[in-house]
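The values are calculated or read from the model by the stated rules, or taken from the named source; none is laboratory data. The model shown is predicted, which means the values in this text are computed figures rather than measured ones. Note that we place each Cβ from the backbone using ideal geometry, even for glycine, and neighbour counts take in every protein chain shown. What goes into the accessible areas is simple: the full protein's heavy atoms, side chains included, and nothing from ligands, DNA or RNA. Shrake-Rupley method; radii C 1.70, N 1.55, O 1.52, S 1.80 Å.
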Amino acid sequence: ALTLKKIVEEYKLDNYLEVISNVGDTASKEYQIETALDKMEAAWKGVEFEVVPYKETGTFVIKGVDEIIALLDEHVVMTQAMQFSAYKAPFEERIEKWSDKLSLVYEVIEEWIGVQRQWLSLQSIFQSPDINKQLPAEGKRFASVNKTYRLVMQQVHANPDVLAYCDNPQLLQKLQDGNKMLTTVQKKLSDYLDSKRSTFSRFYFLANEELLQILSQAADPTAVQPHLKKCFENVVRIEFESNGTISAMYSGEKEKVEFC
């Protein structure tokens, strides 16, 4: 049996206390790193995107990514600390792989949120045939990104596991390309609206969304009704004849002024 007496008298291990202490300390630090890696990996089990239907579009959006981002931030900081540890050697390859995975997932989610934000602001606009007629190139760009976005949302709806789905360099590239295309569409759309405002300066009183509501219904002159008050002071309604002619205007006090 191994006893304390044998350790001290026969093996004389008390002469190597410093070495033993250093080995034990190193083993303890390495164990802490291994345990921390195991805990981080375990923490992602069951972490899924909240994927919900969006209006009547037939597709989905992701919600509630703040908690996922917070978990990513925490684990990125912990992993960076491990990379600078003097005791990382036995786990260096595992640490690097985990760090690369977290970075990729972070980038994918950031690009994804950007694409979704722009898609939400543009999808209703490019549903209009009038806008697509006036901006055919931008309509095609949006249609291309829209197709990719819907496919991605369909896939993540079927597999909402964050790490499993986002650990994908090809997905990152698709989202980056989509963001660039939608940014170009937004710029061209802004230029188009500015050209309309320079033609009719009263449109400067309208926000982009309001002006787009009018332009997306160019075939319906009555679409201007909700926005008249902003364009013309105290004009709240105009009267249309059946042939589309404007015959009168009404003030906020319901005063009627006929057009002769």
Inset, instruction - Of the numbered conditions (1) touching a strand residue (DSSP E or B) at 6+ places or on another chain (Cβ under 8 Å); (2) aromatic (Phe, Trp, Tyr); (3) open to solvent by 60 Å² or more (accessible area, probe 1.4 Å), Phe60 fails exactly one; give the number of that condition. - result: (3)
Inset, instruction - Would you mind telling me which numbered condition in (1) in contact with a helix residue (DSSP H, G or I) (Cβ under 8 Å, 6 or more places away or on another chain); (2) part of a helix (DSSP H, G or I); (3) open to solvent by less than 100 Å² (accessible area, probe 1.4 Å) Leu228 fails? - result: (1)
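One line per residue, one yes/no per condition, for (1) within 25 Å of the chain's Cα centre (by Cα); (2) open to solvent by less than 70 Å² (accessible area, probe 1.4 Å); (3) on the phi > 0 side of the Ramachandran plot:
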site	(1), (2), (3)
Leu182	yes, yes, no
Glu209	yes, no, no
Asp220	no, yes, no
Phe232	no, no, no
Ser242	no, no, no
Legend entry - Selected residue (only one of Glu67, Glu34, Glu107, Glu93 is within 26 Å of Gln170 (Cα to Cα), in contact (Cβ under 8 Å) with a residue 12 or more places away in the chain and either of a type outside the set (Phe, Trp, Tyr) or open to solvent by 60 Å² or more (accessible area, probe 1.4 Å) (or both)): Glu107
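Does Gln83 satisfy the criteria of being touching a residue at least 12 places away in the same chain (Cβ under 8 Å), within 28 Å of Phe142 (Cα to Cα), open to solvent by less than 70 Å² (accessible area, probe 1.4 Å) and polar (S, T, N, Q)?
It is false that Gln83 is touching a residue at least 12 places away in the same chain (Cβ under 8 Å), within 28 Å of Phe142 (Cα to Cα), open to solvent by less than 70 Å² (accessible area, probe 1.4 Å) and polar (S, T, N, Q).
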Legend entry - Test: Val185 is in contact with a Leu (Cβ under 8 Å, 6 or more places away or on another chain) and closer than 21 Å to Val65 by Cα: no
Inset, instruction - Any residue in segment 233-259 that's closer than 25 Å to Tyr204 by Cα and of a type in the set (Val, Ile, Thr): show its pairings with residues that are part of a loop (DSSP other than H, G, I, E, B) and open to solvent by 90 Å² or more (accessible area, probe 1.4 Å) at Cβ separation under 8 Å, as long as the two are six or more apart or on different chains. - result: Ile246/Phe259
Inset, instruction - Looking only at segment 1-14, decide whether some residue is under 25 Å from Asn168 (Cα atoms), in a helix (DSSP H, G or I) and out of contact with any strand residue (DSSP E or B) (no Cβ under 6 Å at 6 or more places or on another chain). - result: no
Legend entry - Pair list, Cβ < 9 Å and 6+ apart or interchain, from segment 166-182 residues that are within 20 Å of Ser99 (Cβ to Cβ) to residues that are among the acidic types (Asp, Glu) and open to solvent by 10 Å² or more (accessible area, probe 1.4 Å): Cys166/Glu107; Leu171/Glu111; Leu172/Glu107; Leu172/Glu111
Inset, instruction - Go through segment 27-86 residue by residue and tally those that are farther than 30 Å from Leu151 by Cβ and assigned to a helix (DSSP H, G or I). - result: 23
Inset, instruction - Quick one: which residue in Ser242, Ser190 is assigned to a loop (DSSP other than H, G, I, E, B) and among the hydroxyl-bearing types (Ser, Thr, Tyr)? - result: Ser242
Legend entry - Residues that are surrounded by fewer than 16 Cβ atoms within 10 Å (Cβ to Cβ) and either in contact (Cβ under 8 Å) with a residue 12 or more places away in the chain or in a loop (DSSP other than H, G, I, E, B) (or both), drawn from segment 198-207: Phe200, Arg202, Phe205, Ala207
